[in-house]
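> Handing you this structure, nothing more for now.
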Amino acid sequence: MNATTTTGQAAGDAERLIEIAGPMTVTELAGRLASTPQKVQGELMMFGVLANLNTPVSLEHAVKVAEKLGFLAVTPGPSARSSQSPTASSSAAPHGDATGPAPGRTAKRTRPAGPVTRPPVIVVMGHVDHGKTTLLDTIRRTNVAAGEFGGITQHIGAFQTAVETGDERDGRKVMKRLTFLDTPGHEAFTQMRARGSQIADIAVLVVAADDGVMPQTMEAIDHARAARLPMVIAVNKIDLEDSDPNRVLTELTQHNIIAEDFGGEVGAVQLSARDNFGVDDLLERLLLESEILELVADPNGPAEGVIIEARLDPAKGPVATVLVTSGTLVPGDSVVVNAIYGKVKAMTDDRGQKVKGAGPGTPVEILGLSGVPAAGDPLQSVDSDREARQLATERGAAAREERFGAHAGRLSLETLFQQIQRGDTKELRVILKADVQGSLEAVRESIEKLGNNEVRVQVLRAGVGNIGESDILLASASNAIVIGFNVKADPAARRTATDEGIDVRTFRIIYELIDAVAAAMAGLLTPITQEVKLGRAEVRQVFRLPSGVVAGCYVQEGLIRRGADLRVFRGRELIFEGEVSSLRHIKENVREMAAGFECGIMTDGFTDYKEGDIMECFETMQVARELTPA
């Protein structure tokens with residue numbers, strides 16, 4: 001038996017011992033773990049896997065979920081696994097020898113059982129014009145022989161390079177691969193993380209030696225920290241006369257990035273991407289970082305991956321770049337990506353060359369999907385086209401049903417204490433914006449002191465100026481709240497916050513800000529009632545009937561709803577406040593009446609209507625405690 005044990009769990013804890021023999025559905029796994037399917041789905045999302053109740057969970061991910069829930073997960077050895085799984089036992093030829101789409105999955109997988117070392121996935125970030133694109137282009141060129149230079153024919157959002165390690169095997173140099181995300185920096189990186197896809201392993205922070213730390217540099221640091229990625233500093237453009245690498249490293253210390261040259265733990269490499277000077281040193285450093293991380297993945301079984309980018313090609317149809325994270329993807333595989341399905345018709349690498357198989361850590365461009373997926377969406381291979389179509393249909397229906405509750409799990413000051421009590425939250429992540437630097441430092445220091453034994457406050461980003469859309473995107477990717485002091489949220493930021501379900505709070509008085517966060521951590525922040533305006537109507541005629549007095553009205557804006565609250569104004573004077581007890585259109589009772597229509601309104605306790613009276617209809621609802629608006 002091969003055992004995998006979580007930190008701090010005794011190997012002899014028989015009560016928490018569980019054997020996982022192979023893939024099982026979310027429902028089955030939840031039953032084995034004495035948990036709920038929703039809890040299992042939540043844990044799978046942390047590994048970048050979106051699954052419904054009947055989705056098969058791979059052995060690797062089932063073990064990870066069990067460990068997260070406090071179990072000692074035991075898996076059968078290679079011989080036992082092959083005897084139980086026809087997928088693993090019936091292979092006739094090595095996967096890499098396939099010349100085309102294999103007819104069945106049993107003919108595809110002939111690799112040693114168990115995880116193997118995989119290439120690290122590296123994201124390159126930094127300020128505009130600091131040399132990110134030049135660095136990536138230089139790395140590409142160093143990996144292509146002069147005669148093959150023209151082979152770089154396309155851009156697929158990610159690429160691999162091979163680096164000599166200095167070791168030899170059978171008289172030849174040992175090469176190791178590195179995978180680079182060739183995307184528009186941290187914006188695309190954030191979009192993927194916002195969808196639950198933590199795919200990068202290492203972040204390279206590119207800083208120009210002649211320019212120093214700039215706004216997007218700090219933004220990149222925030223994103224790397226939020227993802228808890230190890231960083232390597234690439235001090236670029238040292239060939240320029242006014243370059244000053246030491247100034248760059250000194251400025252980074254102000255953001256708690258301490259390079260090894262300054263006694264810290266962050267690797268820093270000085271280079272000139274344009275002149276291809278120091279690039280090899282950077283690659284060697286990245287290899288060292290990957291060895292420290294000990295990255296492994298299982299190349300066996302159905303493939304799983306993450307969409308890096310996708311587009312609709314007029315000639316080819318939907319085209320998607322996939323980074324394989326587990327298993328091996330081959331042409332002919334039936335795949336599902338959320339509510340999109342298809343069969344892999346062709347796979348190519350970043351040089352446009354056909355690929356017969358892509359294992360963990362390998363990016364490929366695929367054709368054959370039924371639609372264009374979004375960056376960060378998980379891809380999963382299944383046994384048949386029918387299964388792929390069925391899963392996609394089920395996921396599409398579930399997505400429609402859950403659309404209105406999509407952000408129910410978002411952290412807010414109202415839900416903070418409940419999540420602390422459940423053990424779901426150990427950290428309150430905050431994006432902090434203020435009007436001036438002095439206020440920013442005072443507010444940051446004050447709220448960071450509010451941490452206790454159950455939860456600590458971490459300020460992911462602190463900056464001067466209004467709340468922008470990039471602040472909301474970082475909060476979305478990091479499950480953080482946004483707090484502003486004497487600032488406003490830009491219109492685009494407000495729209496994105498609504499779409500993403502992000503809690504945005506603004507204050508004018510510092511003690512109200514501090515009290516709000518402290519009260520939330522103590523479970524004292526209670527919602528209040530707030531009015532929501534529904535509509536407005538004008539009284540055009542008054543009807544006195546045996547059943548009562550009816551105000552014949554014309555709805556000027558919004559709507560009038562039966563059972564809602566109502567105020568009646570005569571000029572500027574409020575003459576009545578009550579409830580819409582009856583609402584009729586012509587002779588029929590209706591629930592509500594929209595603008596542009598006539599209706600009859602009756603209220604309990606008021607009959608003294610006059611032509612020209614204005615009725616305002618509104619509802620009261622519980623919302624977050626009202627804070628001083630900015």
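The values are calculated or read from the model by the stated rules, or taken from the named source; none is laboratory data. Just so it is clear, the structure is predicted and the values come from calculations on it, not from any experiment. Note that we place each Cβ from the backbone using ideal geometry, even for glycine, and neighbour counts take in every protein chain shown.
> If Val144 meets every condition in (1) at pLDDT 65 or above; (2) assigned to a loop (DSSP other than H, G, I, E, B); (3) more than 26 Å from the chain's Cα centre (by Cα) apart from one, which number is that one?
In the conditions (1) at pLDDT 65 or above; (2) assigned to a loop (DSSP other than H, G, I, E, B); (3) more than 26 Å from the chain's Cα centre (by Cα), Val144 misses (1) alone.
> If you don't mind, there's one more thing I want to ask. Considering each residue of segment 593-623, count those that are under 48 Å from the mean Cα position of the chain (by Cα) and closer than 15 Å to Tyr554 by Cβ, and give that number.
Residues that pass the stated criteria total 11.
> Also: Restricted to segment 4-20, and to residues that are of a type in the set (A, V, I, L, M) and within 14 Å of Lys64 (Cβ to Cβ), which residue is modelled with the lowest pLDDT?
Selected residue: Ile18.
> Would you mind finding the one in Pro76, Pro56, Pro37, Pro23 that is under 20 Å from Gly301 (Cβ atoms) and either crowded, with 20+ Cβ neighbours inside 10 Å or at pLDDT 75 or above (or both)?
Answer to the check: Pro56.
> Moving on to the next point. Any idea which of Leu286, Leu271, Leu312 is within 23 Å of Gly157 (Cβ to Cβ) and surrounded by 18 or more Cβ atoms within 10 Å (Cβ to Cβ)? Before the answer, list the steps.
Working: Leu271 fails: within 23 Å of Gly157 (Cβ to Cβ); Leu312 fails: surrounded by 18 or more Cβ atoms within 10 Å (Cβ to Cβ).
When all the criteria are applied, what remains is Leu286.
> Considering every residue within segment 361-373, establish whether at least one is within 27 Å of Ser476 (Cβ to Cβ), of a type in the set (Val, Ile, Thr) and either not in a loop (DSSP other than H, G, I, E, B) or not assigned by TED's automatic domain parsing to the domain that holds Lys176 (or both). Give the derivation first.
Step one: list which residues in segment 361-373 are within 27 Å of Ser476 (Cβ to Cβ), which gives 361, 363, 369, 371-373.
Filter again for of a type in the set (Val, Ile, Thr), leaving 372.
This time we only want the ones that are either not in a loop (DSSP other than H, G, I, E, B) or not assigned by TED's automatic domain parsing to the domain that holds Lys176 (or both), so: 372.
Taking every residue of segment 361-373 in turn, at least one turns out to be within 27 Å of Ser476 (Cβ to Cβ), of a type in the set (Val, Ile, Thr) and either not in a loop (DSSP other than H, G, I, E, B) or not assigned by TED's automatic domain parsing to the domain that holds Lys176 (or both).
> Within segment 348-357, is there a residue that is buried (at least 20 other Cβ atoms within 10 Å of the Cβ) and either outside the structural domain of Val232 (by TED's automatic domain parsing) or out of contact with any Gly (no Cβ under 7 Å at 6 or more places or on another chain) (or both)?
For segment 348-357, residues buried (at least 20 other Cβ atoms within 10 Å of the Cβ) and either outside the structural domain of Val232 (by TED's automatic domain parsing) or out of contact with any Gly (no Cβ under 7 Å at 6 or more places or on another chain) (or both): present.
> Criterion first (modelled with pLDDT of 90 or more and among the acidic types (Asp, Glu)) does Asp222 satisfy it? Quick ask: steps written out before the conclusion?
On the way: modelled with pLDDT of 90 or more: no; among the acidic types (Asp, Glu): yes.
No: the conditions fail for Asp222.
> Here's another thing I want to ask about it. Please verify whether Lys345 is at pLDDT below 90, in contact with a Leu (Cβ under 6 Å, 6 or more places away or on another chain) and over 25 Å from Met175 (Cβ atoms), treating the condition exactly as stated.
No.
> Pairs under 6 Å by beta carbon, first residue over 15 Å from Leu229 (Cα atoms) in segment 283-296, partner of a type outside the set (Asp, Glu) and surrounded by fewer than 18 Cβ atoms within 10 Å (Cβ to Cβ), six or more apart or different chains?
Every condition considered, the pairs that remain are Val296/Pro115; Val296/Thr117.
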